[in-house]
């Protein structure tokens, strides 16, 4: 699970007529026979995408419900764990901006998770993928996606118990229903955080360009890591640019490197996606950029929490005087591993065996088109949690 792709996103676009599962808390256990029939025998014609975990198929149940079925490829301890985590998290969440669980199948030889199919696919498909030329994301829709996704993260971080860290916030994991309402999806990497715990130390999984530096360097994950990723997503939504873009001569630049000079000089209009043709709300734009700049600060204690992010975007928080991104740049060797270009969204997954240390593992090519998994080294920085003074305990997971 925790894949380098979003299961709903692929070249296939199916007729609309689905039921929004995020608003419907009912889920059930499916039989393998039911899902086999719904997907036409897991036919290649029904395949929506493929990743390291296996494949995802479009299907239709006997009562007419359109579904997406994630079918696990391997039956090993890692895959079993990620399957269990995703099912547990999906069964817990009840929010209109989080993709809920439709059901699952856990037979002797099969592990499958069932979701509702999202007819407008993912945010990635509209910003950089097959629908990027259709200009369906006007400013109003972008603001709705921003606020809806943020509210979903507020629920995960502050309302559900135990709190949940997503760990893979990115454009391909923000799904869009028939009305372009956002649903945050793919909880295979999620971590449940007990009360009183500030952060956890864990193996690094995520997508190059979105990973917070303290997570990439130290494997220390907290709600602040999701905040960082959300800040990158805000810049991506405003500008239409990728988190890492390819420059002439093979160089690569992060979206924060591109945006920082413009933000520091208050050239906010120059940040806006040209596809909007100048049709946007300047006051909202400033608030979104302020939120983004705060979210991507290199030191986690300088970032707002998601409740504060929502307040900034809505204009109910005090507005800052000046803005400046103080982030951490990825090292050149890591940047060189990124294979994204304007016309090619390849994926590289990072494999970590149980006996690998934090600098072990290897990259492998994915057949997915949804991002770059990687454990990264970045420029030296102080351990961001030393200043916490033992205020709350750290746990390993």
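The values are calculated or read from the model by the stated rules, or taken from the named source; none is laboratory data. Keep in mind the model is a prediction, meaning the values are calculated, not measured. Every residue, glycine as well, gets a Cβ built from its backbone with ideal geometry; the counts of neighbours run over all protein chains shown.
Considering region 197-206, and only residues there that are in a loop (DSSP other than H, G, I, E, B) and touching a strand residue (DSSP E or B) at 6+ places or on another chain (Cβ under 7 Å), the residue that is modelled with the lowest pLDDT turns out to be 202.
Residue 156 falls short of the stated requirement of being surrounded by 23 or more Cβ atoms within 10 Å (Cβ to Cβ), closer than 26 Å to residue 42 by Cα and either out of contact with any helix residue (DSSP H, G or I) (no Cβ under 7 Å at 6 or more places or on another chain) or not assigned by TED's automatic domain parsing to the domain that holds residue 219 (or both). Selection over region 225-255 of residues that are part of a strand (DSSP E or B) and either out of contact with any helix residue (DSSP H, G or I) (no Cβ under 9 Å at 6 or more places or on another chain) or closer than 19 Å to residue 130 by Cα (or both) gives a count of 3.
Within region 156-190, the set of residues being farther than 26 Å from residue 208 by Cβ and in contact with a strand residue (DSSP E or B) (Cβ under 7 Å, 6 or more places away or on another chain) comprises 162, 177. Outside the structural domain of residue 176 (by TED's automatic domain parsing), more than 21 Å from the chain's Cα centre (by Cα), modelled with pLDDT of 90 or more and surrounded by 20 or more Cβ atoms within 10 Å (Cβ to Cβ), is that true of residue 57? Taking the combined requirement at face value, the residue does not satisfy it.
Residue by residue, here is whether (1) assigned by TED's automatic domain parsing to the domain that holds residue 234; (2) over 30 Å from residue 35 (Cα atoms) holds:
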{"site": "102", "(1), (2)": "no, no"}
{"site": "105", "(1), (2)": "no, no"}
{"site": "136", "(1), (2)": "yes, yes"}
{"site": "150", "(1), (2)": "yes, yes"}
{"site": "174", "(1), (2)": "yes, no"}
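Could you say which residue among 34, 80 is at pLDDT 90 or above and either over 20 Å from residue 178 (Cβ atoms) or out of contact with any strand residue (DSSP E or B) (no Cβ under 8 Å at 6 or more places or on another chain) (or both)? Just a single option satisfies the conditions, and that option is 34. Just one of the listed residues (219, 249, 231, 206) is surrounded by 23 or more Cβ atoms within 10 Å (Cβ to Cβ), at positive phi and not assigned by TED's automatic domain parsing to the domain that holds residue 111, and it is 206.
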